[in-house]
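Novice: First the structure, then my questions, so here it is.
The values are calculated or read from the model by the stated rules, or taken from the named source; none is laboratory data. This is a predicted model, so every value here is computed, not measured. Using ideal geometry, Cβ is built from the backbone for each residue, glycine included, and neighbour counts are taken over all protein chains shown. Heavy atoms of the whole protein, side chains included, go into the accessibility calculation; ligands, DNA and RNA do not. Shrake-Rupley method; radii C 1.70, N 1.55, O 1.52, S 1.80 Å.
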Amino acid sequence: QESMPQTPPFAAMFDSSGYNRNLYQSKEDSCGGLYYHDNNLLSGSLEALIQHLVPSVDYYPDRTYIFTFLLSSRLFMHPYELMAKVCHLCTEQWRLSEPGLDKNWIRKIAPKILQLLTEWTETFPYDFRDERMMRNLKELAQRIASGDEVYRKKVQQLLQNLIRKLTTVGQYEEVLAKINATSKDHLTLLKTKPQTIQRDIITVCNDPYVLAQQLTHIELERLNYIGPEEFVQAFVQKDPLDNDKRCYGDQKKTQNLEAYVEWFNRLSYLVATEICMPVKKKHRARVIEYFTDVARECFNIGNFNSLMAIISGMNMSPVSRLKKTWAKVKTDKFDILEHQMDPSSNFYNYRTALRGATQRSLTAHSSREKIVIPFFSLLIKDIYFLNEGCANHLPNGHVNFEKFWELAKQVSEFMTWKQVECPFERDLKVLQYLLTVPVFSDDALYLASYESESPENHLEKDRWKTLR
């Protein structure tokens, strides 16, 4: 039995120049439509690139190529259309060898096709939520399985793993929908402050370290469910020739990415709510100091997304206008954190810190040191600008593959981060609170803020009147 082609882990796939050169098996340019420079694939016709994805008896595509092409091809065609073409090309190879149907030949090609399908189903499982994809996958898998008992077992294994993954994500999405429904019902607009607050964050969890760890649980879980293709799917344009048909950008395709962005917003509003709620100034000051400690611990863990959400909650105007409250706060720690996340020079300080955390995670011995949770909306923005800044096609009609190496490089880094297991113990009471406690809407925040420290100018007074 032939051994499978070896594929490197994600972290090793892309070196600084775009991708790992020595892994790249240059194949003679059989279908004519590929253009190389210094052994790097720069561009090609779509047909030639698809051909390049399909293994033959003596060729297996490099893993960086598989990942890059599967990720970016959805800008040109539906994944199910690509799958159909791949099936067709595999079947063609079979047909051409039909006469004596050399058992030996099947034995050589089957593990390679199986390996390609394994990489596809493991890295982009959400593509297979489409029945057409599943149909094609099963047809091709049947062909491989019919040849040999060994392959039949492997095919079964592949399909079981895929179905298990899709079931898990389905369940996760149901839980999310439930959580969102409860927290949306709870979007409270209080007319005046409740005199006794049933509970607040410090009562539920008085240790900032524990809170930072529970936030990291939520972040890693949500990060883990985002498929790499969601980044690309997010900017697939509507089909210009057909007004009704969204090209493949239907909401199902990016919902885990959107849920993650919503979580960031929720956390910001939760922070602002907790600060504006207490009636006494010294209590509000204490909440500010508490969240500063939580944010600092998030920074130490490598959880930059929660850190940024906390800072943006503390910078919301209903919070920042509470001058008397802030006067009671020792702000030096908060200032350091703000400096770290300062947006000037394109978030230079944050990017430096992120590089540091990434380095640490590469040489880490414990999963605690492996944690890197990027400031997510900036990551999306970077990928968006990379996509906007370069054309998908070159003037000669070729696909601009150089652009897609860069895209894949950014997304592959995310793939490494999302696979980290959270090392901290879960605290269900705290998690429940973070995910479902009612948070104020904008209006309610202003109202609570004016109740705490009365309006200072005409604008604020007018706004207060309207709100009341």
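Novice: Report, ordered by the first and then the second residue, all pairs with beta carbons closer than 7 Å, sequence separation of six or more or different chains, a first member in segment 357-370 that is touching a residue at least 12 places away in the same chain (Cβ under 8 Å) and on the phi < 0 side of the Ramachandran plot, and a second member that is of a type in the set (Asp, Glu) and in a helix (DSSP H, G or I).
Specialist: Qualifying pairs under 7 Å: Arg360/Glu369; Ser361/Glu369.
Novice: Looking at Ala408, Ala448, which is the one that is touching a strand residue (DSSP E or B) at 6+ places or on another chain (Cβ under 7 Å), in the same structural domain as Asn387 (by the TED database) and over 21 Å from Ile179 (Cα atoms)? Can you show your working first?
Specialist: Working: Ala408 fails: touching a strand residue (DSSP E or B) at 6+ places or on another chain (Cβ under 7 Å).
After ruling out the rest, the residue left standing is Ala448.
Novice: Restricting to segment 25-53, and then to whatever is at pLDDT 90 or above, open to solvent by 10 Å² or more (accessible area, probe 1.4 Å) and out of contact with any His (no Cβ under 9 Å at 6 or more places or on another chain), can you tell me which residue is farthest from Asn396 (Cα to Cα)?
Specialist: By that ranking, first place goes to Gln51.
Novice: List pairs: first residue in segment 124-152 and on the phi > 0 side of the Ramachandran plot, second residue crowded, with 21+ Cβ neighbours inside 10 Å and hydroxyl-bearing (Ser, Thr, Tyr) anywhere in the structure, Cβ distance under 6 angstrom, at least six positions apart or on different chains.
Specialist: none
Novice: Does Asp293 satisfy being farther than 30 Å from Thr416 by Cα, open to solvent by 10 Å² or more (accessible area, probe 1.4 Å) and either part of a helix (DSSP H, G or I) or of a type in the set (D, E, K, R) (or both)? Steps first, answer last, please.
Specialist: Numbers: farther than 30 Å from Thr416 by Cα: no; open to solvent by 10 Å² or more (accessible area, probe 1.4 Å): yes; either part of a helix (DSSP H, G or I) or of a type in the set (D, E, K, R) (or both): yes.
The answer is no for Asp293.
Novice: List the helices (runs of 4 or more DSSP H) inside segment 298-364, counting only whole elements, that have at least 1 residues being modelled with pLDDT of 95 or more and touching a strand residue (DSSP E or B) at 6+ places or on another chain (Cβ under 8 Å).
Specialist: Numbers: elements: 304-314, 317-320, 323-327, 332-340, 344-362.
Output list reads 304-314.
Novice: Follow-up. Would you check if Phe424 is in a loop (DSSP other than H, G, I, E, B) and within 30 Å of Ser367 (Cα to Cα)? Spell out how you get there, then give the answer.
Specialist: Values: in a loop (DSSP other than H, G, I, E, B): yes; within 30 Å of Ser367 (Cα to Cα): yes.
Considered against the rule, which asks whether it is in a loop (DSSP other than H, G, I, E, B) and within 30 Å of Ser367 (Cα to Cα), Phe424 comes out as yes.
Novice: Now for a separate question. Which of the residues belonging to segment 371-396 are farther than 20 Å from Val261 by Cβ, without any contact (Cβ under 8 Å) to a residue 12 or more places away in the chain and either open to solvent by less than 90 Å² (accessible area, probe 1.4 Å) or not in a loop (DSSP other than H, G, I, E, B) (or both)?
Specialist: Gly389, His393
Novice: Mind telling me which of the residues Ile371, Ile380 ends up being modelled with pLDDT of 90 or more, in the same structural domain as Leu220 (by the TED database) and touching a helix residue (DSSP H, G or I) at 6+ places or on another chain (Cβ under 6 Å)?
Specialist: After applying the criteria, what remains is Ile371.
Novice: Could we say that Glu460 is closer than 28 Å to Asn206 by Cβ, part of a helix (DSSP H, G or I) and over 39 Å from the mean Cα position of the chain (by Cα) here?
Specialist: Details: closer than 28 Å to Asn206 by Cβ: no; part of a helix (DSSP H, G or I): yes; over 39 Å from the mean Cα position of the chain (by Cα): yes.
Answer is no for this residue.
Novice: Could you tell me which of the residues Glu402, Glu406 is surrounded by 15 or more Cβ atoms within 10 Å (Cβ to Cβ), at pLDDT 90 or above, under 17 Å from the mean Cα position of the chain (by Cα) and outside any loop (DSSP other than H, G, I, E, B)? Quick ask: steps written out before the conclusion?
Specialist: On the way: Glu402 fails: under 17 Å from the mean Cα position of the chain (by Cα).
The match here is Glu406.
Novice: Of the residues in segment 265-280, how many are in contact with an Asp or Glu (Cβ under 8 Å, 6 or more places away or on another chain) and in a helix (DSSP H, G or I)?
Specialist: 1
Novice: Hey, another quick one. Give the residues of segment 427-457 that are assigned to a helix (DSSP H, G or I), closer than 20 Å to Met316 by Cα and hydroxyl-bearing (Ser, Thr, Tyr), sorted by residue number.
Specialist: Result: Tyr446, Ser449, Tyr450, Ser452.
Novice: In the set Lys154, Lys108, which member is open to solvent by 40 Å² or more (accessible area, probe 1.4 Å), among the charged types (D, E, K, R), under 24 Å from Tyr65 (Cβ atoms) and at pLDDT below 90?
Specialist: Numbers: Lys154 fails: at pLDDT below 90.
Result of the check over Lys154, Lys108: Lys108.
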